[in-house]
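Structure, as structure tokens:
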Amino acid sequence: MWAVAAAKEQAAEKATAVKEQAAEKATAVKEQAAEKSAELKEQAAEKTAAVKEQAAAATAQIREKTAQAAQAVKDKTPEPVQEKTAQAATQVRESAARAGQFAVDRTPDPLLEKADRVAKAARANRTPLLAGGAVLVAFLLIRRGRGRNK
């Protein structure tokens, strides 16, 4: 019986030692994971900042080129054409306003609410939308100009 008691005691001591070792290993692994996580977060923040800088630079470049293209078109357009274009634009705006009011008067409320949410999202993302529209206009103007040169 003495041997059984001694074996139980040895088993209990070994189990305690294994538990302590496992706890130490778990702590070490947790610390390593925390360090790696912090390192990855820092790298992600740096890369995000770099991408933001690149996007800002690209946006500025697009704005500048769009402004140059618009100015070039304006410079090459004769004054009478500009005046007629302004008059036509005014008429289009007025017609669009009347059509819009007509549509609002005839549109169900749930659809108006959804359209309002979409409009708010568009206003919140105005810069990318304007930049995309400007790029499209510039592309169309360039394409149209190349078609006339042939």
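Laboratory data are not the source of any read-out in this text; all were calculated from the coordinates shown. Predicted model only: the values in this text are computed from it and were never measured. Cβ placement follows ideal geometry from the backbone for every residue including glycine, while neighbour counts extend to all protein chains displayed.
Side notes on the structure shown:
- Computed [θ] at 222 nm, helices only, for the chain once each DSSP H run of length n ≥ 4 contributes -39500 (n - 2.57): -35000 deg cm²/dmol
- Rg over Rh, two decimals, the range 104-144 (C-alpha only, Kirkwood Rh): 1.23
- Nearest-0.05 FRET efficiency for K8 and K47, computed from C-beta distance (R0 41 Å): 0.10
- Non-local Lys pairs in the range 1-75, i.e. 8 or more apart or on different chains, that have alpha carbons under 21 Å apart: 9
- Alpha-carbon Debye profile of the chain, log10 I(q)/I(0) at 0.11, 0.12 Å⁻¹: -0.81, -0.90
- Taking 0.36 nm per residue of sequence separation and removing the Cα-Cα distance, the Q54/V18 pair yields an extension gain of 7.6 nm.
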